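Novice: I am attaching a structure below and will ask some questions about it afterwards.
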Amino acid sequence: MPEMHFSVRWPDNSVTDCYSPSLVIKEYLEVGKTYPLDDFVARSATALHIGSERVRQKFGYACSSALDQLQRIEATASRFQDVADAQVSIEGFRP
């Protein structure tokens, strides 16, 4: 199963390297695009759940790394909930 890492720039300009167990993340996030915070979290959640389910279908168990990554994304995003017009940018993808 091809995994993918993606770099995210948060509203405070910090950058985080994130993990997806599947290339499906590229169907939900686009390099160079900026997303409203809630939209980014929702897109990430959808893609990471699909990726985890693909792992389940192939190996018989969910991808705990995808679910852990989603928890980290949600935790980081929660720091910016009170920031007006908080935006998240996708910096890049790498295998």
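Novice: Give the residues of region 2-35 that are of a type in the set (Val, Ile, Thr) and without any contact (Cβ under 8 Å) to a residue 60 or more places away in the chain, sorted by residue number.
Specialist: 24, 34, listed by residue number.
Novice: Give the residues of region 62-77 that are part of a helix (DSSP H, G or I) and open to solvent by 20 Å² or more (accessible area, probe 1.4 Å), sorted by residue number.
Specialist: Of everything in region 62-77, those that are part of a helix (DSSP H, G or I) and open to solvent by 20 Å² or more (accessible area, probe 1.4 Å) turn out to be 64, 65, 67, 68, 71, 72, 74, 75, 76.
Novice: Just to be sure I understand, how many residues within region 7-28 are under 10 Å from the mean Cα position of the chain (by Cα) and within 13 Å of residue 87 (Cβ to Cβ)?
Specialist: 1
Novice: Now for a separate question. Being open to solvent by less than 20 Å² (accessible area, probe 1.4 Å) and among the aromatic types (Phe, Trp, Tyr) narrows it down to one of 59, 80, so name that one.
Specialist: It is 80.
The values are calculated or read from the model by the stated rules, or taken from the named source; none is laboratory data. Quantities reported herein were computed from a predicted structural model and do not represent experimental measurements. Here the Cβ is made from the backbone with ideal geometry for all residues, glycine too, and neighbour counts use every protein chain on show. Areas reflect the complete protein model, heavy atoms only, side chains present, ligands, DNA and RNA absent. Shrake-Rupley method; radii C 1.70, N 1.55, O 1.52, S 1.80 Å.
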